[in-house]
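Bear in mind these aren't lab numbers, they're just calculated from the coordinates by the rules spelled out. None of the values given here were measured: they were computed from a predicted structure. Cβ coordinates were reconstructed from backbone atoms using ideal geometry, including for glycine residues, and neighbour counts include every protein chain displayed.
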Amino acid sequence: MIGIRIGAIAGAILAAFFVAPKVYAEDGCGKFAWSLTAERAAFAKPQKASVDAGATLNQIPADAFVLHLRPDHAASFTMPPERKPKAEHWFGAAVHFPAPPLPGIYQVTLSDEAWIDVVQSRRYAHAVGNTGRSDCPGVRKSLRLELSGESFVLQLSGVASDTINVSLHPMR
C-alpha cells in the first residue's frame with residue numbers, strides 16, 4: 001500500500017515537472033504568422049546601435065537597433081502616416097535609408113505597438129504580409145513589404161514611449 005502511494009506521488013511530481021514548463025512558456029511568441037525568434041534575440045541584446053529620429057543612414061543596419069523617437073508634435077514625416085494614431089499623445093520618427101542592395105521582400109519587426117509606413121518613390125510601399133501579437137514579451141509586430149531599388153523612408157507613429165527596437169532585413 002505504501003509502495004503504491006509513493007509511486008503515485010512520484011508520478012504526480014514527475015507529471016508536474018514536465019507540464020509546468022509548458023504552462024510557463026505559454027506566451028504568444030510561437031504564434032506569429034512566421035518565426036520571429038531571431039528578432040526577439042536581437043532585441044534582447046543589451047548593446048544595440050542607436051538611431052535618432054530623422055537620421056539618414058548610409059546602409060541598412062545588419063542587426064536590430066534602438067530608434068529614438070520624438071513626441072507627436074515634433075515628429076516629422078515624408079508623408080503623413082496612413083493611419084491616425086489611437087492615442088492622443090504618442091511618439092514617432094522617420095529614418096531615411098539608401099536604396100536596398102537588392103530589390104525584393106524586406107521585413108520590418110518592432111518591439112512595441114506602432115504604425116509602420118514605408119515610403120518609396122513618394123508612395124507607400126506595398127505590404128505583402130503582416131503579423132502581430134500583444135502577448136509576446138519583447139516583440140509586437142512584423143511587416144513584410146516589397147521594396148524596389150530606390151531609397152526609402154521608414155516611418156513609425158503611434159508609439160507609446162520614446163524608444164523602440166527595430167529590425168529591418170531582406171528575406172533570405
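For this structure, a couple of remarks:
- Positions within segment 86-106 being of a type outside the set (A, V, I, L, M, F, W, C) and buried (at least 19 other Cβ atoms within 10 Å of the Cβ), in sequence order: 92, 100, 106
- Of all residue pairs spaced 6 or more apart or on separate chains, those with beta-carbon atoms under 6 Å, a first member in segment 114-135 that is in contact (Cβ under 8 Å) with a residue 40 or more places away in the chain and closer than 17 Å to residue 103 by Cβ and a second member that is among the hydrophobic types (A, V, I, L, M, F, W, C) and part of a strand (DSSP E or B) are 119/153.
- Residues (among the aliphatic types (A, V, I, L, M) and part of a loop (DSSP other than H, G, I, E, B)) located in segment 47-58: 53, 55, 57
Quick grid of which residues meet (1) β-branched (Val, Ile, Thr); (2) surrounded by 14 or more Cβ atoms within 10 Å (Cβ to Cβ):
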site: 112; (1), (2): no, yes
site: 119; (1), (2): yes, yes
site: 123; (1), (2): no, no
site: 133; (1), (2): no, yes
site: 145; (1), (2): no, yes
site: 150; (1), (2): no, no
site: 158; (1), (2): no, yes
site: 163; (1), (2): yes, yes
